[in-house]
Each structure stands twice: as C-alpha cells, then as structure tokens.
Amino acid sequence: MYACKKLEKKRIKKRKGEAMALNEKRMLEKVHSRFVVSLSYAYETKDSLCLVLTIMNGGDLKFHIHNLGNPGFDEQRAIFYAAELCCGLEDLQKERIVYRDLKPENILLDDRGHIRISDLGLAMEIPEGETIRGRVGTVGYMAPEVINNENYTFSPDWWGLGCLIYEMIQGHSPFRKFKEKVKREEVERRVKKDTEEYSKKFSEDSKSICKMLLTKNPKHRLGCKAGAVEVKGHPVFKDINFKRLEANMLDPPFCPDPQAIYCKDILDIEQFSTVKGVYLDTNDDTFYGQFATGCVSIPWQNEMIESGCFNDINKDEFDENTVLNQEEKMHYQVPKKKRGFFYRLLRRGALKTLGYQCGHRGGGVLCTSFLLDLHGVKGAGLQSSGREGRPGVSPLSCFSLSELSRPGPEGSILTDTVNLGKDFTSWDFDVLLCHCPPLWL
C-alpha cells in the first residue's frame, strides 16, 4: 500500500509554488533511505499533481507528543527516534542535501513504529565545496544562522535535531511552549539570545547532547565538524547498535495499534476552500511535464522484487529440481532446437525393426543396407555410403548403438529391435536421407 500526496494545480499556481513542488519531487528521487519517505511514482490528473509515497499510517511525532497522555516521551523512546533521525540526516547529507525543516509534524511513524523524514519541499542540494543562504524553515525551529541570513551547509539540521530531542523529552520546543501566543520576532530573539532550560526529565547524557546540538555558534555545534559520525559517538547513544538499526533489526519502543487512527478528528480539520480566479493554460504544461515522470527506478525495482512477480515468469524457464552452478546462473537458457516430422514420428516408437548387412574389411565396418518397417509400410531400403574404418559416417552412428556396429560374418544379416531415443535427431535423419536414397520393396 502507498500514500498519495495530492497537490492542487490551481493552488500551486496561486501561491507560485511550482519551484517548491518540483524541488520536493527531485529531492525525493535522489534519496533512497530507510529513514526518509520514498517516492515511487509521480503523475498528474486534470486538477492535481500526485506523489505516490511510502505509506506511514502511524501518525506524526507532534500528535504522539501532545495528544497521547502526558506531553513528551520517556527518554528511551526519544533517544531511539533521535538515532533514526541521525541516520536519516546522514543519508541526506551523503547526497549533499540539507533538509532545513526538521520539526515533529514532518516526522512520521510507520505501522511498526519506525520513523521517516517527510516533506522535502524546503530541502536543497548544496554543490560540493559551496555554501547556501536563505531564511527558510518553521518559527521556533530555525537555527540562528538561518535567522541571521548567514551562509551555511548542514548546520541547521543538527540544530533542528537538538530541538526535536528537547521537545520529545520536555513536551514543548526549547524556545516556545506548546500553543504559546508569542510574536515571531520574540521567538527569534529567544533563539539568538536565550539559553534553554532543562527539567528533571533530562538525564545528564540527554541534557549534554541537547546543549551541544543547540550551540548558537555553528562552528562549535555537534555534528558540524565530522558530521553524523560525531553525533552517533555521543554517550547518549551508547545502547544503540547503529549497524543493526540501519539494517532494520532493532525493534522500536512503541508499535502503533493497527486499529487506531493517529490524527485529529476529521471534524477538526478544515476543508480547503475552492481556488477562484486562477486558470490553467498551455504555459503550465512544461512544469507538469517535468513533474509527472511516472515511476521512479529504484523504488519500482524494489516493488517488483518484493511482489515476487518474476517468480511466475521464471517458473517455466528452469526446472525446480535442476541445480545450477554460479556460472550457469549468469547465462540465459539456450532454446531447444525445433524438431522435424521424422523425429516426432520415430520418437513415438514408429520404428519397430532394423536389419542390416555388414561386411568386414581390414577391421572396418561397411554397412550396405537398412530395412525399415514403418506403420503400415512394408519396408524401406536405404543404402549407405559408409567407408572402411569410418563407422561414424554410417547411418548406424546416428543411433549410438555400439552393439550394432560390431563386425559380423561377411554376408550375414543381423536383426535387432531398436527403440530410438533422444540420440536420433532430425538433423541426423536428414543426413541419412541425403546419403541414402530409398529403395522401395
């Protein structure tokens, strides 16, 4: 099953969000991570642009933090999610992508309880050796260098990880309490000037990593020097085996109930109003063509493998009891040669008896005649052109019967019953006919 994210065409055009929508699609195409939602297909309808994504039916972290019991998680659960976020950011940074919008709403849980990063609309690829600048993100989660419109690389994401760890344990963000009415300017002042406060919910290790990630100066911030390796080495992750985590071999501390719906009541979600005064024309076709490119290669290949659809295709190619070595598996099976009429006729046991006269000259065998009794036909005599010492050119060699090619008394007739098998081919019979004109009796 998949989730379909629909972007209304008129709303995109009204907000001039073409670049943002196309950017999200391109970022999702580049990243193939267990900790980031995967894009499988991109297509368009008459009214919408659609992204077919990994289904995440466990809800988002914001809902789990603020709507299920007391705000916040126990530290063990928060650290497990932080470890998976660290792996997700590492995978993004391997592709030179800075996320820039790390917040609880954008972190989704799957049906097993693992988390993935979603909504890459503000993500941006950073060229090697360069920096970028831009005031983008969500108020209360933007790093000081983003607020000050300074150049940066991946430092805002490590700041966002610090904000998330703090909120998962404390129950609200470091510089703004949940549903607190405060102006944007005041929140930005707190981010740049104030120091976050820690309650008894934090252990020494969790307090330490939050302080190191929420350092105002990005040059001294954890993760900004050695990347994810530096963050993974913090003592707060001492009980996390990252190799097993990346291999999906660790069980999450929380597993969503498959019967529960982890979102707000449908009555509390406002319906989008109809967009008026916006009309689509042929000038938008270029953008739609860049967006609706169909399936994405790697997720599509993974889907084909997981679905097992190739098993039915390969079922008739190889016998299930045949054991192939490694070299044979790398080659295609050679198709069987098409058999002729005589092969099919003789294979059914049409040939009953065989008689031949043989003479012995200097140790060689000379076959002089055949007698064939075909269904309803009295017999057919075939003369061979075998030579002395070359029994291989005799028609008898077609039958691979060594007992019939032994020398006999000169002028004698040997008769035997022959059951022609797979050694007799249509090609051999054609050669026999070419060299042995029939003599009807």
### Task
For LEU39, list long-range residues whose amide hydrogen, built 1.01 Å from N in the peptide plane, is under 5 Å from its own amide hydrogen.
none
### Query
For region 83-135 and region 154-179, what is the separation of their Cα centres, given in Å?
15 Å
### Selection of GluC sites (Glu not before Pro), region 169-276, meeting DSSP coil and at most 13 other Cβ within 10 Å
GLU180, GLU197, GLU270
### Message
Over the Cα atoms of region 1-94, what radius of gyration and what Dmax do you get, in Å?
### Response
16.2, 47
### Message
Less than 13 Å Cβ to Cβ from LYS103, Lys/Arg counted +1 and Asp/Glu -1: what total charge do the surrounding residues give?
### Response
-3
### Query
Expressed as a fraction of 2.2 N^0.38 Å, the rule-of-thumb size for a compact globular protein of N residues, what is the C-alpha radius of gyration of region 193-236?
1.19
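One-quarter of the Cα convex hull surface for region 61-263, in nm²? Don't jump to the answer; show the numbers that get you there.
Numbers: hull surface 44.9 nm².
Approximately 11.2 nm², given one-decimal rounding.
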### Task
Please get the size of the charge dipole for region 61-263, origin at its Cα centre, with Cβ charges of +1 on Lys and Arg and -1 on Asp and Glu, quoted in debye to the nearest 20.
740 debye
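Report the local net charge at ILE132: Lys and Arg +1, Asp and Glu -1, summed over other residues whose C-beta lies under 12 Å from its C-beta.
Net charge in that neighbourhood comes out at 0.
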### Task
Taking the Cβ of GLN290 as the centre, find all other residues whose Cβ is under 14 Å away and add up their charges (Lys, Arg: +1; Asp, Glu: -1).
-3
### Task
Work out how much length THR286 to ASN302 would gain on full extension: take 0.36 nm times their residue separation and subtract the Cα-Cα distance, in nm to one decimal.
2.8 nm
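Where a number appears in this text, it was derived from the coordinates with a stated rule and is not lab data. Everything quoted here is computed from the prediction, not taken from an experiment. Note that each Cβ is placed from the backbone with ideal geometry, even for glycine, and that neighbours are counted across all protein chains shown.
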